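Student: Below is one structure. I have some questions about it.
The values are calculated or read from the model by the stated rules, or taken from the named source; none is laboratory data. Quantities reported herein were computed from a predicted structural model and do not represent experimental measurements. Virtual Cβ from ideal backbone geometry, glycine too; neighbours counted across all protein chains shown. Please note that ligands, DNA and RNA were not included when accessible areas were found on the heavy atoms of the full protein model with its side chains. Shrake-Rupley method; radii C 1.70, N 1.55, O 1.52, S 1.80 Å.
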Amino acid sequence: MTEYLSTVLWRRDGEAFVDGNYSRGHTWRFDGGLEVPASSSPHIVPLPYSVAENVDPEEAFIAAISSCHMLFFLSIAAGRGLVVDEYRDEAQGVMEKVAGGGMAITRVTLRPQLTFAGDRQPSRDELEKLHRLAHRRCFIANSVTSEVVTEIP
């Protein structure tokens, strides 16, 4: 078993609070010392109570899935002698109402665009197999109920 820790810190800073007119800006702290400014999404809590330039949990969720998939893909590609020069993913998540009236990110679409070096260029079939394997190995994708789809250009 492995444990992962993070610290989420929010302070009221004198705002009224009970009227709902308070900042949702906060900080995520990670074990390596990195601090990330975070907030609710302006799609959920309107400005000025959200901080548009900060990372919101929904964006982080999508980025975590994309990052996990990419890291496994790179490892698998390297093990098969493929040299990846660049991996770029314009991932997208869709949030919608679910049974019971709640909201959930129900679908995450990964759109990896890769550049390979050298003579060894994978076929489309090989790329699809590599992405399927990366998806099966991704801890984050295995931890969520959202549908995760990879679209290869």
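Student: Given the conditions (1) under 18 Å from the mean Cα position of the chain (by Cα); (2) among the aliphatic types (A, V, I, L, M); (3) at pLDDT 95 or above, report the number of the one that L82 does not fulfil.
Tutor: Of everything listed in (1) under 18 Å from the mean Cα position of the chain (by Cα); (2) among the aliphatic types (A, V, I, L, M); (3) at pLDDT 95 or above, L82 misses just condition (1).
Student: If you don't mind, another one. Starting from the range 60-74, keep only residues that are under 13 Å from V84 (Cα atoms), then list their pairs with residues that are in a helix (DSSP H, G or I) and open to solvent by 50 Å² or more (accessible area, probe 1.4 Å) whose Cβ atoms are within a distance under 7 Å, requiring at least 6 positions of separation or different chains.
Tutor: Sorted first by the residue in the range 60-74, then by its partner, the pairs are F72/R137.
Student: Still on this structure, I have one more. Which of (1) more than 13 Å from F72 (Cβ to Cβ); (2) assigned to a loop (DSSP other than H, G, I, E, B); (3) open to solvent by 80 Å² or more (accessible area, probe 1.4 Å); (4) touching a residue at least 40 places away in the same chain (Cβ under 8 Å) is the odd one out, the single condition Q121 does not satisfy?
Tutor: (4) is the only condition that Q121 fails.
Student: Also, I was wondering about something else. Look at F17 and say whether it is part of a loop (DSSP other than H, G, I, E, B), among the hydrophobic types (A, V, I, L, M, F, W, C) and either farther than 27 Å from T145 by Cα or open to solvent by less than 70 Å² (accessible area, probe 1.4 Å) (or both).
Tutor: yes
Student: Also, quick follow-up: Can you tell me how many residues within the range 25-59 are within 20 Å of the chain's Cα centre (by Cα), touching a residue at least 24 places away in the same chain (Cβ under 8 Å), surrounded by 12 or more Cβ atoms within 10 Å (Cβ to Cβ) and assigned to a loop (DSSP other than H, G, I, E, B)?
Tutor: Final tally of qualifying residues: 4.
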